[in-house]
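Take a look at the structure below.
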Amino acid sequence: MLYPLAETTECDFKRELETKKPKSWLKSVSAFANGIGGKLIFGIDDSGEIVGIIDAQKSAEAISDLIKTRITPTPQFVLTLEKEQEKSVLILTIEAGRATPYYYKADGIREAYVRIGNESIVAPDYILNELILKGKNQSFDALTSDVKKEEYSFTLLEATYYERTLLKMEPKDYFSFCLADKRGYLTNAGRLFADQYIVYNSRVFCTRWNGLEKGSVFDDALDDKEFEGNLIYLLRSASDFIKNNSKVRFYKDVEYRVDKPDYAERAVTEALVNALIHRDYIVLGSEVHINMYDDRLEISSPGGMFDGKAVQEHTIADIGSMRRNPVIADLFHRMKFMERRGSGLKKIISETEKLPGYNESLKPIFYSDGSSFRVILKNVNYGTTKVSDKVSNKVSDKVSDKLNEKEKCFFNVLMTLAKQHDFVTTKVVAEAAGMPEATTRRYLAKFSKMDIIVSDGKNRSKKYYLKNTSMTEANP
């Protein structure tokens, strides 16, 4: 057979079989059984060189005995013997287990291990708790709490459900949707949809950084918000934060205008829904983090892939629908925030590919490890020339000696708006400048005659653009 060049998440090399200190390899047996399975290959050193096993039959019997006496419950495993370069190699294949957690026990020690990269480590408490739930075929969101439904309100949930389905949410639906049990006690999913903030970890922290890296929130953050509570509220608030800190540029084609948003709105929604639905709520003191930079948007959530394998080791098109929180996922699906088939990551890619100016270097990036999942969306407009800045500098010199003081103040307001919006209207400029609309129209007409701005439309629907360019972007 062909062996990996190095140890991986699913493969571990052992030069020889340790029988006096079997924990050195039995912890990998525990980790593989608690994760996606894997192989232990005896007779290969860490560099991948084949050294062989002496007395393979005796070693195979010792491996079987030690697994059965030191790992509980006993995982499914297969031992095979192969000859490589006239040397014996034992391959121990461990199946991904269903009766998690699988513990290593000896000398009064009882520890469950998980695989992080090419190492087997003791499972942190939050992962151990998730393994326990998995072994009981339960999920965190379906567990019943000691909180009575009648003590809380669900106004936002019921209003959103009606808005998106045109169906009224009935009292019986709370039981049908697994938000409460027959006695009226809320499940954890029910707690997460209550109007009140009763699940501490139900939070989203948002930051728009100045530049390409994180810095001090007090000195380097252009915008900073923290949201907590109901999942629908978190989705809407996070969406608004991203929208308010993004731009929709455009360019004029021969016959029409082409919008160029920094990010695809549907891709952003899918990424946010993915973070809220599939995150691990067991991790104490955790939250979803949204970090926006000049060139990218990063959405990070607690908890890696539910199947234990890193997302970067998957082919995105082949990822199945495995949900850490199936109750929450089902309700989001009913409200048409997501599709049931586990196609969220594919949708993020396909929607981003539709953006004007997209190329392969702007493809979304997905990354996960044992404790987190991150989506990175590239700003498709980053690095393009901001014509408005150049025009603003030129026209400032051009008009400086032709305007009175009030007109200069108005001009500065107009240029500021020009850098922030695709176009301006009389009402928008009037409100920003603190002037009557009649005066504003007169000033705008003057700048039109000076060839600084051009107008499109009539009367109240008239829009103003900088001369020979959109307000924010030229045709790339």
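Worth pointing out:
- Here is the figure for region 224-245: residues that are touching a residue at least 60 places away in the same chain (Cβ under 8 Å) and either in a loop (DSSP other than H, G, I, E, B) or open to solvent by 20 Å² or more (accessible area, probe 1.4 Å) (or both) total 2.
- For residue 162, the test of being under 26 Å from residue 227 (Cα atoms), modelled with pLDDT under 95 and within 29 Å of the chain's Cα centre (by Cα) is failed.
- Residue match in region 431-451 (condition: surrounded by fewer than 16 Cβ atoms within 10 Å (Cβ to Cβ) and within 23 Å of residue 247 (Cβ to Cβ)): yes
- Residues that are farther than 30 Å from residue 169 by Cβ and surrounded by 12 or more Cβ atoms within 10 Å (Cβ to Cβ) within region 206-221 comprise 207, 208, 209, 210, 214, 215, 220, 221, listed in sequence order.
- The C-beta contact set for region 308-331 (first residue open to solvent by 70 Å² or more (accessible area, probe 1.4 Å), second residue assigned to a helix (DSSP H, G or I), distance under 8 angstrom, 6+ apart or interchain) comprises 323/277; 323/278; 323/329.
- Only one entry in 368, 372 is within 26 Å of residue 283 (Cβ to Cβ), in contact (Cβ under 8 Å) with a residue 60 or more places away in the chain, of a type outside the set (Lys, Arg) and open to solvent by 30 Å² or more (accessible area, probe 1.4 Å), namely 372.
- Qualifying helices (runs of 4 or more DSSP H) (wholly inside region 151-198; at least 3 residues being within 21 Å of residue 277 (Cα to Cα) and open to solvent by less than 70 Å² (accessible area, probe 1.4 Å)): 155-165, 188-192
- From the list 114, 89, 122, 147, the one residue that fits, being at pLDDT 90 or above and over 27 Å from residue 280 (Cα atoms), is 89.
- Qualifying residue in region 131-147 (condition: in a loop (DSSP other than H, G, I, E, B), under 25 Å from the mean Cα position of the chain (by Cα) and among the polar types (S, T, N, Q)): yes
Residue-by-condition table, conditions (1) in a loop (DSSP other than H, G, I, E, B); (2) in contact with a strand residue (DSSP E or B) (Cβ under 6 Å, 6 or more places away or on another chain); (3) open to solvent by 30 Å² or more (accessible area, probe 1.4 Å); (4) not small (Gly, Ala, Ser):
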{"site": "250", "(1), (2), (3), (4)": "no, yes, no, yes"}
{"site": "259", "(1), (2), (3), (4)": "no, yes, yes, yes"}
{"site": "272", "(1), (2), (3), (4)": "no, no, no, yes"}
{"site": "276", "(1), (2), (3), (4)": "no, no, no, yes"}
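- Identity of the residue in region 20-65, of a type in the set (Ser, Thr, Tyr) and modelled with pLDDT of 90 or more, that ends up farthest from the chain's Cα centre (by Cα): 59
- When the test is whether a residue is open to solvent by 20 Å² or more (accessible area, probe 1.4 Å), farther than 26 Å from residue 116 by Cβ and modelled with pLDDT under 95, residue 378 does not pass it.
The values are calculated or read from the model by the stated rules, or taken from the named source; none is laboratory data. Small disclaimer: the values here were computed from a predicted structure and weren't measured. FYI the Cβ positions are ideal-geometry reconstructions off the backbone, even for glycines, and counts take in every protein chain you see. Quick note on the areas: whole protein, heavy atoms, side chains included, nothing else; ligands and nucleic acids left out. Shrake-Rupley method; radii C 1.70, N 1.55, O 1.52, S 1.80 Å.
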